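This report refers to the structure that appears directly beneath it.
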Amino acid sequence: MSNIRHHLTDDLLMAYSAGTLPEAFSLVIATHVSMCDECRIMLDSFDAVGGAVLEDCDMAVLSDDSFAATMALIAEQDGVVDSPRLTPKGAVLPEPLRDYVQGGLDSVKWRHVGGGVRQAVLQRSKSGSVRLLRIPAGAKMPDHGHRGMEMTLVLKGAFSDECDRFARGDVEIADEDLHHTPIAEEGEECICLAATDAPLRFNAFIPRIAQPFLRI
Ligand code: ZN
Ligand code: ZN
């Protein structure tokens with residue numbers, strides 16, 4: 001089993017299963033699920049319930065024992081849920097990301113954004129954006145708050161902030177209430193996949209000026 005300590009919430013897995021999340025968050029969730037048995041099992045069960053409810057809507061909505069009926073329907077189905085492909089051993093980028101960038105770390109077009117940090121924006125739309133971040137060992141990210149949701153998945157190394165320590169496979173979900181300063185751990189660079197649905201709120205003057213360049 002894995003050492004993952006920070007997981008996705010049931011709400012997020014349910015929304016992902018229903019297909020209602022922006023693409024930026026879906027990519028982070030698909031990548032975490034490919035690394036995490038625990039969340040994959042939860043997602044499979046949400047997928048199965050969603051499928052069963054769609055297949056027999058009347059029964060699910062009208063019957064008093066619709067839950068039992070739904071579970072019976074699930075039990076009848078086997079092998080309906082495709083498991084994500086497994087990531088090759090030792091690869092930093094798990095399979096859903098490898099598909100997205102069409103290769104491994106070498107295929108990523110990194111851009112320097114200051115402080116030794118490099119980033120590659122993978123997707124940007126009105127509903128959100130998602131990027132890879134490459135932070136040198138021991139480097140500090142600008143401290144910031146959030147206007148919406150920020151989801152950060154560690155792919156290599158580890159970082160710590162006011163909340164906890166996050167290592168490979170861990171996902172940190174930040175919202176308006178969290179104000180933090182992530183710091184990459186000493187000894188190894190930290191590579192993360194980060195999705196946001198609104199621009200971050202930087203506190204220091206310099207990062208605020210740099211924001212148009214970072215385009216976060
Ligand atoms: Zn998980
Ligand atoms: Zn943040």
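Each reported figure results from applying straightforward, stated rules to the coordinates on display, with no laboratory input. Keep in mind the model is a prediction, meaning the values are calculated, not measured. Cβ placement follows ideal geometry from the backbone for every residue including glycine, while neighbour counts extend to all protein chains displayed.
Quick query: amide H of Ala139 versus all other amide H atoms, modeled in the peptide plane; which residues come in under 5 Å with a sequence gap of 5 or more or a different chain?
Ala184
For the pair Lys126/Asp37, report the inter-label distance in nm, with labels modelled 7 Å from Cα in the Cβ direction.
4.3 nm
Once you have the Cα-Cα distance between Leu178 and Thr20, take 0.36 nm times their residue separation minus that, and quote the gain in nm to one decimal.
54.5 nm
Mind listing the long-range amide H neighbours of Leu122? Cut-off is under 5 Å, sequence gap 5 or more, other chains count too, H placed in the peptide plane at 1.01 Å from N.
Counting only residues 5 or more places away or on other chains, the set is Val130, Arg131, Leu132.
Kirkwood hydrodynamic radius of region 115-173 from all distinct Cα pairs, in Å?
Here the Kirkwood hydrodynamic radius works out to 12.8 Å.
Measuring from label point to label point, each 7 Å out along Cα→Cβ, what is the Val53 to Asp10 span in nm?
Going from the Val53 label point to the Asp10 one covers 1.3 nm.
Name the trypsin sites (Lys or Arg not before Pro) in region 129-189 that are in a loop by DSSP and that have at most 15 other C-beta atoms within 10 Å, would you?
Qualifying residues, ordered by number: Arg147.
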